[in-house]
Amino acid sequence: MKFILDSIGEHEEMKFDKNEAAREFVGLAQMTGQSPDELIKSPFGHDMYERIVVRKNGDATLDRVVARVFGDPIEELAAEDHEHVHDENCGHDHS
């Protein structure tokens, strides 16, 4: 399933907003009473974050497939239209 979703996402040149995954991770950390900054440093927390990213990316791809099947308008995600969270979890260097 992951291979199919990855292939479709690549073919469709889909963009994924990782800020959504970061917000969900922060929410889960807060619900468990843990610091998101400390949780992401643990193997469990890092794995949890990666699973959220994979799931959200898959969900976005499935939404695209459903839109194509039913002829619904397809919402394009433009990187410059979305707020970028600048923290240690954003996945790239800001220096």
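The values are calculated or read from the model by the stated rules, or taken from the named source; none is laboratory data. Predicted model only: the values in this text are computed from it and were never measured. So basically every Cβ, Gly included, is an ideal-geometry build from the backbone, and we count neighbours across all protein chains shown.
For the stretch 20-40, what are the residues that are crowded, with 16+ Cβ neighbours inside 10 Å and either among the charged types (D, E, K, R) or touching a residue at least 40 places away in the same chain (Cβ under 8 Å) (or both)?
Within the stretch 20-40, Glu20, Ala22, Glu24, Phe25, Pro36, Ile40 qualify.
With the checklist (1) exposed (fewer than 12 other Cβ atoms within 10 Å of the Cβ); (2) free of Cβ contacts under 8 Å to residues at least 24 places away in the same chain; (3) over 17 Å from Glu75 (Cα atoms) in hand, flag the one item His46 doesn't pass.
Tallying (1) exposed (fewer than 12 other Cβ atoms within 10 Å of the Cβ); (2) free of Cβ contacts under 8 Å to residues at least 24 places away in the same chain; (3) over 17 Å from Glu75 (Cα atoms), His46 fails exactly one: (1).
Here is a check on your reading of the model: is Ser7 within 17 Å of the chain's Cα centre (by Cα), exposed (fewer than 15 other Cβ atoms within 10 Å of the Cβ), among the polar types (S, T, N, Q) and at pLDDT 85 or above? First the steps, then the outcome.
Working: within 17 Å of the chain's Cα centre (by Cα): yes; exposed (fewer than 15 other Cβ atoms within 10 Å of the Cβ): yes; among the polar types (S, T, N, Q): yes; at pLDDT 85 or above: yes.
It is true that Ser7 is within 17 Å of the chain's Cα centre (by Cα), exposed (fewer than 15 other Cβ atoms within 10 Å of the Cβ), among the polar types (S, T, N, Q) and at pLDDT 85 or above.
Scan the stretch 1-43 for residues that are within 24 Å of Ile74 (Cα to Cα), assigned to a helix (DSSP H, G or I) and among the aromatic types (Phe, Trp, Tyr) and jot them down.
Within the stretch 1-43, just Phe3 meets the criteria.
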